[in-house]
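To start, the structure itself, in structure tokens.
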Amino acid sequence: MEWFNSHILSILTFFPLLVSAAIFLVPGENFARTAALGGSILTFLFSLHVWHYFDPASAKLQFVESYIWMQEFGVRAIFGIDGISLLLVMLTTALMPLVLLSLWNSHYKHLRQYIGLIMALQTGMIGALVAVDLVFFYVFWEAMLIPMYFIIGIWGGARRIYATTKFILYTVVGSLLMLAAAIALYLNYYRQTGIYSTSLLDLYSVSLDPRTQMWMFAAFALAFAIKVPMWPFHTWLPDAHVEAPTAGSVILAGVLLKMGTYGFLRFAIPLFPLALQTFAPVLIFLGIVGIIYGALTAWVQKDAKKLVAYSSVSHLGFVVIGSVAILADGTLSSEGLTGALYQMINHGVSTGALFLLVGVIYERRHTRMLADFGGLASVMPWFAVMLIVATLGSVGLPGTGGFVGEFLILLGTFQASPLAGVLAATGVLLGAIYMLTLCRQILFGPVKHEENKSLKDLTPIEFAYLAPLAILVIVMGIFPDFFLNKTRASIDHLARNYKSYSLGVEGH
Amino acid sequence: MFSFPVFDSAFYLVAAPVLILVAGSLVALMQSVFKPISGQGAVELVTTGSIAAALLAGLAMPGSLQDFVAGALLSGALSRFGVILILAVALVVCLMMREHHIAKAFFRGEVASIFLMLLSGMLVMVASDDVVTLFVGLELASIGLYVVLGYIQPNRRSQEGAIKYFILGSVGAAILLFGFALLYAACGTLRLSEMVAALPAVANHGWAQLGGMLVLAGIGFKMALVPFHMWAPDAYESAPTGITAFMATTVKVMVLVVALRMFTAAAVSMDDVWQPGFIVLAALSMIVGNVMALVQTNLKRMLAYSSIAHSGYMAVAIVALSAAGATLPVRAILFYLLTYVIVSLGAFGVLMALETAENDQLTVDDLSGLSKKSPWVALALTVFMFSFGGMPPTAGFIGKFFVFNAALNNHLYGLVVVGVIGSSISLFYYLRLVVRMYMGESAGAPFGAIRPVSRIFSVNSGVMAFAVIATILLGTVLPGVAMERLNRAATEVARK
């Protein structure tokens, strides 16, 4: 037990990779399906273990493991988890079994390789969330791209190659600049202390002049803004989403996009607080443009998947402005930060569910055009229930997780800048319009098309992977404290002390 | 009365690889004359045997810095690094050649003789402190390459490539020689180490500066840095693929070893000449190399331009050499070089495995659907492309990390930004191959124009497997260890 507790994060990170290797080596689709589902459930149980033993009162890093990688250059493999990464890790591990369940009866070509790549992707995502060393983080951050590149490129739609190339090039351009800035930061730390270290725990203490901070913040923020994606770097997202297979879309929207917003919270803000003062208005402006632009664009989409993709641009705009709301006393709004984190989780759950639901009707009708549906509520009642719950979660109806997140974000934004708050609030309104349009066009009205009359309602397996998400949407709206208790200490610490941020290590 | 010079045993220990190769070369020459021993098998035995023996002798070379025959021969960690790497590549290439469709043409007495002789020239070049000897080694290697390139396959394309390579290569060599001559005139010594030590006193002298510039251009020619790169695409394309693999790797090794001896130890005052020069060459190479590679369809040509870009990255680290006592730039270059050699051998190995006598100029389209035809080969080529593109978790990423590290340490922000842009461009064409292999449809007949890779063990697949494993290991668990190992060679040449 002692050993297990002190190695839990590396087990959590690399276990999916082991499963992936096994899937690639053992022929047979049945083995692949079973191993992946079993492996991802086991990973979820590991993460529950972390959740259970995580000390909510502490803002320090917990379950820390540190291994030497390149001693001479101070590059180490450090794992650690705090209240911010904990929720995102839980989101990742909880989504994966559902995603794999959605592939249970699917008939993709080369299903074994597909599932193997998804498991490898999970290692990349968890690794990026628990890595506390810049180089180590960067390795996971980039390695995450490779499986996604293949998932979209091999199993995607007609324009998959264009979409996947655009996706990887956009992301890599941003990341390479981030790498250069990270190295410059590391060299600055060396000049100040005479010690080489790429550990975040050390790098938080670097003092940089404002000009240098600006450059480095810009490089980091660009990488994260592309990943989020913030307007005007969002154009890869609709392409990637439309072409990606369902499971790829769910992971992309559910987890991968959060890596960008997580990057702001973990790296850009605490490492370069002075630059944040200058860049916060820019980020808020871009965030608000993203909210409104994303919403308006979503409104006019005819393709359900594209609509959900643009809604992501809008929703993640909220997350960004919540993360950078600076109050009059110079601290970050802790409501804004809490809301941002909560909205990340909520977006993962509700948008994940929406993509899965679009996948359900696409599998039956091989079309995603809104005009091809209508009146499905009478034909597929359970599907209608799920879609309505996911939609309400997405628009932020009180009683769903989306409400808690958006409310806290708007609260924080109002405190920082009433104007920004008002503008962002229009996004909530627009969100209700386009999401309910989606609902209305698919579910209500008469059944216009003959082939829709005989559609089958959710199968037990579809029900099994959609129901947990629908329940989670409600539970997150009614018991937010259950989730937020674990993060409060870390969020407050970041909000109050981001200008002289440091992360202690639990038990040291 | 002729008397054979007597040396102590240390000399023979250092000279052994060269002597073995020369002996092998003479035996192979005999084989081309005497019918009974001129069979392909016998030539194979002599060629691979003498390279393997030379490699063993190279492994036994002392790592301590010591010179012989007035500096004509220099032992030490850097010499050892170069000798072992070149011989290992040569051995691997020879073994892969045996399975290649040009095996019969390559393993002829006269070709093998020239090959072994040019190899000895390369060894002389990396293990010499005397510019005249060094130049003789360079010429031996270059002239041998011109001949091998045009002689193995006597067709028009091959000969055209050889002639182009010969003319441009000779110009490059002449420029380098003239540069050495001017530096000799300025410094009064032919010993490389004494020359760089004497440079500070004469650095402001016009002859020294002109000499420095010419040496820079000469090295640029041999490293295929833009704008001295013209020979590379034609030579790479026209040579039999095995020779391309050999040339793309070993020529870089030998030139970089000399460049390290020259530029690392050089005086600060010469930086005025060399630093701006290398900044321009590096930036141009990264941009032009990557952009030109973008529009190539012939795979060997594409790899040629990509190798120009990689020379550019190594040149970035050369610019960073100037910091006193810093071993990081040297090690960054050596690490990058090591990865480049491994990955190139793997990538050319894939080409050698796929091409046939009828189709020995593979294009991007020939790779369509390779993942279905030969999944393991496709996987290997994918790993190589990701490594060339600098994606983790491969060695290519660690190499770029160290190069950027060295450059930023010297405040070369502009060059790093150019490098970043170049890397982003490069990813586009490296990934295009991956797209073709995995996302393209299988073209034409069941076996298409490319050779189906047999399932039985072959040297070729062994090389690919080794390169894949090495690429991943150097990118994940081994970089720290590798950099420690390179420290000795780096301290040897680091600026005092």
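With a requirement of 1 or more residues that are at pLDDT 85 or above, away from every other protein chain (no Cβ under 14 Å) and crowded, with 23+ Cβ neighbours inside 10 Å, the helices (runs of 4 or more DSSP H) lying completely within the range B:408-490 that satisfy it span B:459-475. Of everything in the range A:146-163 that is more than 8 Å from every other protein chain (Cβ to nearest Cβ) and part of a helix (DSSP H, G or I), the residue that is farthest from B:Tyr430 (Cα to Cα) is A:Trp155.
When the range A:260-285 is filtered for residues that are under 15 Å from A:Ser175 (Cα atoms) and either crowded, with 23+ Cβ neighbours inside 10 Å or of a type in the set (Phe, Trp, Tyr) (or both), the ones remaining, listed by number, are A:Gly260, A:Thr261, A:Tyr262, A:Phe264, A:Phe267, A:Ala268.
Remark: pairs (first residue in the range B:457-486, without any contact (Cβ under 8 Å) to a residue 24 or more places away in the chain; second residue surrounded by fewer than 18 Cβ atoms within 10 Å (Cβ to Cβ); Cβ separation under 7 Å; 6+ apart in sequence or on different chains) = B:Gly480/A:Gln71; B:Gly480/A:Glu72; B:Glu484/A:Glu72. Residues that are part of a helix (DSSP H, G or I), in contact with a strand residue (DSSP E or B) (Cβ under 7 Å, 6 or more places away or on another chain) and among the small types (Gly, Ala, Ser) are absent from the range B:52-67.
Exactly one residue out of B:Leu168, B:Leu192, B:Leu182 is within 22 Å of B:Val253 (Cα to Cα) and modelled with pLDDT of 90 or more, and it is B:Leu168.
Annotation note: of A:Thr391, A:Thr367, the sole residue that is of a type in the set (S, T, N, Q) and not in a helix (DSSP H, G or I) is A:Thr367. Scanning the range A:437-462 for residues being crowded, with 16+ Cβ neighbours inside 10 Å and either under 31 Å from the mean Cα position of the chain (by Cα) or part of a helix (DSSP H, G or I) (or both) gives a total of 9. Of the residues making up the range A:117-145, those that are part of a strand (DSSP E or B) and within 11 Å of chain B (Cβ to nearest Cβ) number 0. Residues that are buried (at least 22 other Cβ atoms within 10 Å of the Cβ) and either among the charged types (D, E, K, R) or not in a helix (DSSP H, G or I) (or both) within the range A:327-362 comprise A:Leu332, A:Ser333, A:Glu335, listed in sequence order. For the range A:66-79, check the following and say yes or no: at least one residue is touching a residue at least 40 places away in the same chain (Cβ under 8 Å), in a helix (DSSP H, G or I) and within 14 Å of chain B (Cβ to nearest Cβ). Yes, some residue in the range A:66-79 is touching a residue at least 40 places away in the same chain (Cβ under 8 Å), in a helix (DSSP H, G or I) and within 14 Å of chain B (Cβ to nearest Cβ).
Figure legend. Inter-residue proximity from the range A:1-22: first residues at positive phi, second residues crowded, with 19+ Cβ neighbours inside 10 Å, beta-carbon distance below 8 Å, spacing 6+ or different chains. No pairs are indicated. For the range A:176-213, the tally of residues that are of a type outside the set (D, E, K, R), within 14 Å of chain B (Cβ to nearest Cβ), more than 25 Å from A:Val505 (Cα to Cα) and surrounded by fewer than 17 Cβ atoms within 10 Å (Cβ to Cβ) stands at 0. What about B:Ser387, is it in contact with a helix residue (DSSP H, G or I) (Cβ under 8 Å, 6 or more places away or on another chain), among the polar types (S, T, N, Q) and under 12 Å from B:Ala309 (Cβ atoms)? Criteria not met by B:Ser387. Residues in the range B:348-404 that are over 25 Å from B:Ala320 (Cα atoms) and β-branched (Val, Ile, Thr): B:Val350, B:Thr356, B:Thr363, B:Val364, B:Val377, B:Thr382, B:Val383.
The values are calculated or read from the model by the stated rules, or taken from the named source; none is laboratory data. Remember, predicted model here, so these are calculated numbers, not experimental data. Quick reminder, even Gly has a Cβ in these numbers, built from the backbone with ideal geometry, and neighbours come from all protein chains shown.
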